[in-house]
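Participant: Below is a structure I'd like to ask you about.
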Amino acid sequence: MTSLTLACTRSDRTQPILDGRITIEGHEIVATAGEPEDMFRIAMREARYDITELSMASHILSVARGDSQYIGVPVFPSRAFRHSAIYIRTDRGIHGPKDLTGKTVGVPEYQQTAAMWVRGMMRTYYGVSMSSISWRSAGERTPLSLPPEIDMQVIGEGETLEGMLAEGRIDAFIGPRPPACFLDGSAPVARLFPNSRAEEEAYCRATGFFPIMHCIAIRRSLAEDRPELATAVHRAFTAAKDQAVADLSLGNVLRVSLPWIVAEAAAQTAMLGGDPWPYGFTRNRAELDAMCRYANADGLTAQAVAVEELFDKTTHGT
């Protein structure tokens, strides 16, 4: 049995693989659980792990550039609606998405998938031109070559976006973690969408999307040498996710530490078309197509990437 290294975040969807309850057929897995930022940096700069969780935006970018060391499997361990990830200064006259026009907005990374989803959502759903916004990044995990009409600058050494937001040197911030000045109320900062849950549900109904953030990927050389591996990885991660979803509906002993989780799981499953966390290429094709369009519109890619290029060919029928 061949030993392979794996790095991914720890969640109910991945824990059965991390602890060995579910195996990748024919392989012994040496697993490492980590945080996304660290894993993505390692993947993009070192390709240290045989199998890794990967930022979808960075994956699209590297495939477009032709320097990708990984090939994807249509397994998506991280998905999230991002309306709640947009924070604004309340003293800048920002009352809705279109008021971001002409403003300066900070993002941890311009190429971050969460930021790409917000830009795509703002552009296609709310009619906001993203080239009308000045972007400030805390730093990029890989170099970018953006078109001249996009104003994106990396902030200075020793500066932080949270500090700039608190001091009023940027007008808004997009990020998966709330800024400290929002949490402690030390600055006039609020969410752009006060009722973000309602906005996210409306967006889901209108588009059918539950935004994909990350995929699982295999080192290209390894996938080429072992053509059965991508299917085995897909099968194992799907089994782990199916087990996690099934646990949500168990009412004899609640497996999740929330009192009405069974009812919530049923309601959200119905809203999401019967599968609250879909894996597979075919089921997610429209959403993946949208992500490739967003990456191109953002200037991350010189041309739209075909979604087939992102995933191992053995998984296109999933």
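The values are calculated or read from the model by the stated rules, or taken from the named source; none is laboratory data. Because the structure is a prediction, the values reported are computed rather than measured. Methodologically, a virtual Cβ is constructed for each residue, glycine included, from the backbone with ideal geometry; neighbour enumeration extends over all protein chains shown.
Participant: How about segment 257-290: which of its residues are hydrophobic (A, V, I, L, M, F, W, C), touching a Leu at 6+ places or on another chain (Cβ under 8 Å) and free of Cβ contacts under 8 Å to residues at least 40 places away in the same chain?
Facilitator: Once the filter is applied, which keeps residues that are hydrophobic (A, V, I, L, M, F, W, C), touching a Leu at 6+ places or on another chain (Cβ under 8 Å) and free of Cβ contacts under 8 Å to residues at least 40 places away in the same chain, segment 257-290 yields ILE261, VAL262, ALA265.
Participant: Another question, if that's okay. Is there a residue being hydrophobic (A, V, I, L, M, F, W, C) and out of contact with any helix residue (DSSP H, G or I) (no Cβ under 8 Å at 6 or more places or on another chain) anywhere in segment 78-87? Full working, then the answer.
Facilitator: Start the filter on segment 78-87 by keeping residues that are hydrophobic (A, V, I, L, M, F, W, C), which leaves 80-81, 85-86.
Among the residues that remain, those that are also out of contact with any helix residue (DSSP H, G or I) (no Cβ under 8 Å at 6 or more places or on another chain) are: none.
Scanning segment 78-87 turns up no residue that is hydrophobic (A, V, I, L, M, F, W, C) and out of contact with any helix residue (DSSP H, G or I) (no Cβ under 8 Å at 6 or more places or on another chain).
Participant: Any residue that is over 28 Å from PRO143 (Cβ atoms) and either surrounded by fewer than 23 Cβ atoms within 10 Å (Cβ to Cβ) or touching a helix residue (DSSP H, G or I) at 6+ places or on another chain (Cβ under 7 Å) (or both) - is there at least one of those in segment 113-122?
Facilitator: no
Participant: Moving to a separate point now. Across segment 291-307, what is the total count of residues that are free of Cβ contacts under 8 Å to residues at least 60 places away in the same chain and within 20 Å of SER78 (Cα to Cα)?
Facilitator: Within segment 291-307, residues that are free of Cβ contacts under 8 Å to residues at least 60 places away in the same chain and within 20 Å of SER78 (Cα to Cα) number 1.
For (1) of a type in the set (Asp, Glu); (2) outside any helix (DSSP H, G or I); (3) farther than 18 Å from HIS59 by Cβ, each residue gets a yes or a no:
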{"residue": "ALA232", "(1), (2), (3)": "no, no, yes"}
{"residue": "VAL256", "(1), (2), (3)": "no, yes, yes"}
{"residue": "THR269", "(1), (2), (3)": "no, no, yes"}
{"residue": "ALA290", "(1), (2), (3)": "no, no, no"}
{"residue": "ARG293", "(1), (2), (3)": "no, no, no"}
{"residue": "ALA302", "(1), (2), (3)": "no, yes, no"}
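Participant: Here's another thing I want to ask about it. Filter segment 127-158 down to residues that are surrounded by 14 or more Cβ atoms within 10 Å (Cβ to Cβ) and not polar (S, T, N, Q), then give me how many there are.
Facilitator: Filtering segment 127-158 down to residues surrounded by 14 or more Cβ atoms within 10 Å (Cβ to Cβ) leaves 128, 130-131, 133-138, 140-142, 144, 146, 150, 152, 154-155.
Checking the rest, the ones that are also not polar (S, T, N, Q) come to 128, 130, 133, 135-136, 138, 140-141, 144, 146, 150, 152, 154-155.
So the count comes out to 14.
Participant: Quick one: which of THR52, THR101, THR90 is in contact (Cβ under 8 Å) with a residue 12 or more places away in the chain, surrounded by fewer than 17 Cβ atoms within 10 Å (Cβ to Cβ), within 22 Å of PRO176 (Cα to Cα) and in contact with a helix residue (DSSP H, G or I) (Cβ under 6 Å, 6 or more places away or on another chain)?
Facilitator: Being in contact (Cβ under 8 Å) with a residue 12 or more places away in the chain, surrounded by fewer than 17 Cβ atoms within 10 Å (Cβ to Cβ), within 22 Å of PRO176 (Cα to Cα) and in contact with a helix residue (DSSP H, G or I) (Cβ under 6 Å, 6 or more places away or on another chain) holds for just one of THR52, THR101, THR90, which is THR101.
Participant: Let me confirm something: among TYR110, TYR49, which residue is among the hydroxyl-bearing types (Ser, Thr, Tyr), within 30 Å of HIS27 (Cα to Cα), part of a loop (DSSP other than H, G, I, E, B) and modelled with pLDDT of 95 or more?
Facilitator: On the way: TYR110 fails: within 30 Å of HIS27 (Cα to Cα).
Every option except TYR49 fails the conditions.
Participant: How many of the residues in segment 3-39 are of a type in the set (A, V, I, L, M), in a strand (DSSP E or B) and over 19 Å from MET213 (Cβ atoms)?
Facilitator: 4
Participant: Let me ask something additional. Say whether the condition of being touching a Lys or Arg at 6+ places or on another chain (Cβ under 6 Å), of a type outside the set (Gly, Ala, Ser) and not assigned by TED's automatic domain parsing to the domain that holds ILE42 is met by at least one residue in segment 88-101.
Facilitator: no
Participant: Are there any pairs, at least 6 apart or on different chains, whose C-beta atoms fall under 7 Å, with the first in segment 151-162 and free of Cβ contacts under 8 Å to residues at least 40 places away in the same chain and the second surrounded by fewer than 17 Cβ atoms within 10 Å (Cβ to Cβ) and not acidic (Asp, Glu), and if so, which?
Facilitator: ASP151/SER134; VAL154/GLY139; GLU162/ALA180
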